[in-house]
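My structure is below; once you've seen it, I'll send some questions.
The values are calculated or read from the model by the stated rules, or taken from the named source; none is laboratory data. Everything quoted here is computed from the prediction, not taken from an experiment. Positions of Cβ are generated from backbone atoms using ideal geometry, with glycine treated the same way; all protein chains shown enter the neighbour counts. These accessible areas exclude ligands, DNA and RNA; they are computed on the full protein's heavy atoms, side chains included. Shrake-Rupley method; radii C 1.70, N 1.55, O 1.52, S 1.80 Å.
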Amino acid sequence: LLAGAVGLRNARAGRGPEGGRAPADLLVYTGYEPAEWTERQERALAGADAVVTGRFRVAEPTRLVWRGSANQRIRPRTALGAVRYAPHLEREATGARLQAVVTPGAGAGRGMGLRLYGVPLRGELARAERALRGTGVSLRDASWRP
């Protein structure tokens with residue numbers, strides 16, 4: 001778990017209703033099974049409304065939303081998490097699994113920056129990279145490359 005107990009607690013404290021909107025929920029990807037969590041990790045997850053458990057396994061693709069491999073599970077941990085995530089426990093993704101966000105002034109040379117969000121199927125990132133390269137966009141510092 002990368003998030004410390006303090007960071008998650010602070011995130012939870014700062015997410016109250018704003019402008020009549022419902023509060024944000026916190027979904028945390030752990031990379032571990034619950035039986036593997038240390039006491040410290042369990043404390044860190046106390047502020048999470050739901051967690052996605054299990055390591056990513058490239059050989060076990062899935063079409064289930066918010067999971068990268070078939071072994072991963074969404075586990076609601078709070079009442080808000082149950083309300084928000086119960087309908088999605090077995091739901092398959094439809095439509096685009098990647099969202100592109102362009103951010104002015106965020107690039108290495110302070111030009112345009114591009115972030116891709118989502119849980120893509122096998123090969124989707126490579127296809128996206130090829131398509132971008134075909135339009136003259138080159139990617140640097142890709143987080144999905146080792």
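Which of (1) open to solvent by less than 80 Å² (accessible area, probe 1.4 Å); (2) more than 20 Å from PRO34 (Cβ to Cβ); (3) part of a strand (DSSP E or B) does ALA126 not meet, given it meets every other one?
Against the list (1) open to solvent by less than 80 Å² (accessible area, probe 1.4 Å); (2) more than 20 Å from PRO34 (Cβ to Cβ); (3) part of a strand (DSSP E or B), ALA126 comes up short only on (3).
If the Cβ limit is 8 Å and pairs must be 6+ apart or interchain, which residue in segment 93-107 that is closer than 11 Å to ARG63 by Cα pairs with which residue that is part of a strand (DSSP E or B) and at pLDDT 75 or above?
Pairs that qualify, where the first residue is closer than 11 Å to ARG63 by Cα and the partner is part of a strand (DSSP E or B) and at pLDDT 75 or above, are ALA93/LEU64; ARG97/GLY118.
Being under 24 Å from ARG122 (Cβ atoms), open to solvent by 20 Å² or more (accessible area, probe 1.4 Å) and either among the aliphatic types (A, V, I, L, M) or in contact with a Ser or Thr (Cβ under 6 Å, 6 or more places away or on another chain) (or both) narrows it down to one residue among VAL58, VAL65, VAL51; which is it? Quick ask: steps written out before the conclusion?
Details: VAL65 fails: open to solvent by 20 Å² or more (accessible area, probe 1.4 Å); VAL51 fails: open to solvent by 20 Å² or more (accessible area, probe 1.4 Å).
Within the list VAL58, VAL65, VAL51, the selection yields VAL58.
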